[in-house]
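These notes are about the structure you will find just below.
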Amino acid sequence: MKRRKFLKNSSLTAAGALSAPVMASYQERNNQPKKIEDSKPDIRPITVCTWNFENATAKSWEVLKNGGSSLDAVEQGVRVEEADVTNETVGKGGRPDRDGNVTLDACIMDKDGNCGSVVYLQNIAHPVSVARKVMEETPHIILAGRGAEQFAYEKGFEKEDLFTESTRKQYEEWKKSSKYETIINIENHDTIGMLAIDKNGDIAGACTTSGMAYKVAGRVGDSPIIGAGLFVDNEVGGATATGVGEEVIRTVGSFLIVELMRQGKSPQEACEEGVKRIMAKNKDRKDFQIGFLAINKKGETGGYCVHPGFTYRQYTEDGHENVPVSSFYQKK
Ligand code: SD4
C-alpha cells in the first residue's frame, strides 16, 4: 500500500478544496530501493513549478484533475503568481528596472513545439496569456515592448499600473544607493517556471517574471527565451530555470537539460549537469543563484541549483509537496 498522509492544515482554499494528500517525503521516497525503470507506471497528471508556489500548483492541478490540457494547466497556474502582488518578481507588483519601468517577460510552449513569448511588456498584468496569444494567433514567436503591449490591447487585455505601494516605496529607497547587485536567493528569485503533463501524457510549460530588479532599462533575461528559461519536447520532457538569467542564456540551459534527458540522463542528472556547465564557465564567480527544474516523459522530476535554498513544488494524484533540491555549493 502506498503511504499517504493527509493535509492537516492548509491555508489554501484552492488546494484545500481539492483535499489532496501530502506525498511521502522526498527523503522517504529516495530511500526506497530503485525499481526497474520500465516497470514503473508513468506519473500523470503531474504539475511542478520552481520555488514553493502552492497556490499556483493547486490551480494547475485543478485544471489537470478536471481533464484539462497541460497547456491550460501551466497558463492558469502561473497566472496565479502573476496576479499575486506579494510576489515582487512576477506580474503585477513586480519590481521595476533602474529607471522605474515595470517590464514583464513570459513564454509558453506546447506539446507540438509551438511557442510564444513576450519581452519587455509594460502595463499588462498577465504576460503569459499574451504569450499564448502570440503563439496561437500570430505567425511569430516573440513580441517585444510597445508592439507586444499594442498587440495585448488588440486582444482585449486591460491597461494596468503594475506598481504597488510596496514596490514604489522600495524603488524610492533603492534610488538612494542605485546599486545593482545580486543577493543569493533574495534578490529576485520568485520567478515561476511551470511544467505539466496531462492525462494524455502531453507536456507543456510556461515561465513568467519581471526579471532582475533594478536592471538596466531594456534588459531581458532568460525567462521568455525559448531554450533558455523554458523548453519542452513532448517526446522527452521539459525544463525550466530561475535565477540570474544571463548565466542561463549562456548555456541555453533548459534546452541543454532536455537534450541531456534525450541522451538518457534522468531529470535529476540532467539538472546537475546543467548547473555544472554554468559553473565551469564561472570559476571565479560564486555570488549568484540558478535553479533548474526538469520533468521527463514518465513524469519523473528533478532539480539542482548553485546555492542551497532552491526548492520546487510538485502536485500529483498522491498529493503535493515542496521538494528540497541539492546544490553545487554547500552551506558555509
Ligand atoms: C531573469 N531568471 O530575469 C530571471 C530572474 C529570476 O527568480 O529567475 N528570478 O533573469
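The values are calculated or read from the model by the stated rules, or taken from the named source; none is laboratory data. Quick caveat, the model's predicted, so the values are computed rather than measured. Don't worry about glycine lacking a Cβ; one is built from the backbone with ideal geometry, like all the others, and counts go over all protein chains shown. Remember, those area values only see protein heavy atoms, side chains included, never the ligands or the DNA or RNA. Shrake-Rupley method; radii C 1.70, N 1.55, O 1.52, S 1.80 Å.
Listed here are the residues, each with its yes/no results for (1) within 22 Å of D287 (Cβ to Cβ); (2) within 14 Å of the ligand (Cβ to nearest atom); (3) among the aromatic types (F, W, Y).
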| position | (1), (2), (3) |
| --- | --- |
| I141 | no, no, no |
| G147 | no, no, no |
| Q150 | no, no, no |
| E158 | no, no, no |
| Q170 | yes, no, no |
| I192 | no, yes, no |
| D198 | no, no, no |
| A204 | no, no, no |
| V216 | yes, yes, no |
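So which residues in the range 278-332 are touching a helix residue (DSSP H, G or I) at 6+ places or on another chain (Cβ under 7 Å) and of a type in the set (K, R), if there are any at all?
If the condition is that a residue be touching a helix residue (DSSP H, G or I) at 6+ places or on another chain (Cβ under 7 Å) and of a type in the set (K, R), then K281, R313 are the ones that fit.
One residue is enough: does the range 310-329 have a residue meeting the conditions assigned to a loop (DSSP other than H, G, I, E, B), of a type in the set (S, T, Y) and within 16 Å of I257 (Cβ to Cβ)?
Step one: list which residues in the range 310-329 are assigned to a loop (DSSP other than H, G, I, E, B), which gives 310, 317-318, 325-326, 328-329.
Pick out the ones that are also of a type in the set (S, T, Y) and you get 326, 329.
Then drop every residue that is not within 16 Å of I257 (Cβ to Cβ), which leaves 326.
Within the range 310-329 (the criterion being assigned to a loop (DSSP other than H, G, I, E, B), of a type in the set (S, T, Y) and within 16 Å of I257 (Cβ to Cβ)), the answer is yes, since at least one residue qualifies.
Against the definition (at pLDDT 95 or above and either on the phi < 0 side of the Ramachandran plot or crowded, with 19+ Cβ neighbours inside 10 Å (or both)), how does D112 come out, yes or no? Write out each step before concluding.
On the way: at pLDDT 95 or above: yes; either on the phi < 0 side of the Ramachandran plot or crowded, with 19+ Cβ neighbours inside 10 Å (or both): yes.
Yes: the conditions hold for D112.
Go through the range 230-254 residue by residue and tally those that are in contact with a Gly (Cβ under 6 Å, 6 or more places away or on another chain), more than 15 Å from the ligand (Cβ to nearest atom) and of a type outside the set (V, I, T).
1
Checking the condition closer than 15 Å to T164 by Cα and among the acidic types (D, E), which residue from D112, D97, D105, D72 passes?
Details: D112 fails: closer than 15 Å to T164 by Cα; D105 fails: closer than 15 Å to T164 by Cα; D72 fails: closer than 15 Å to T164 by Cα.
Unique residue meeting the criteria: D97.
Show the residue pairs meeting these rules: Cβ distance below 9 Å; 6+ apart or different chains; first residue within the range 124-137 and under 11 Å from A206 (Cα atoms); second residue in a helix (DSSP H, G or I) and open to solvent by 10 Å² or more (accessible area, probe 1.4 Å).
Listed pairs, sorted by first residue: V128/E75; V128/R79; S129/E75; S129/R79; A131/E75; R132/L71; R132/E75.
Go through the range 278-295 and give me each residue that's crowded, with 18+ Cβ neighbours inside 10 Å and of a type outside the set (A, V, I, L, M, F, W, C).
Q289, G291
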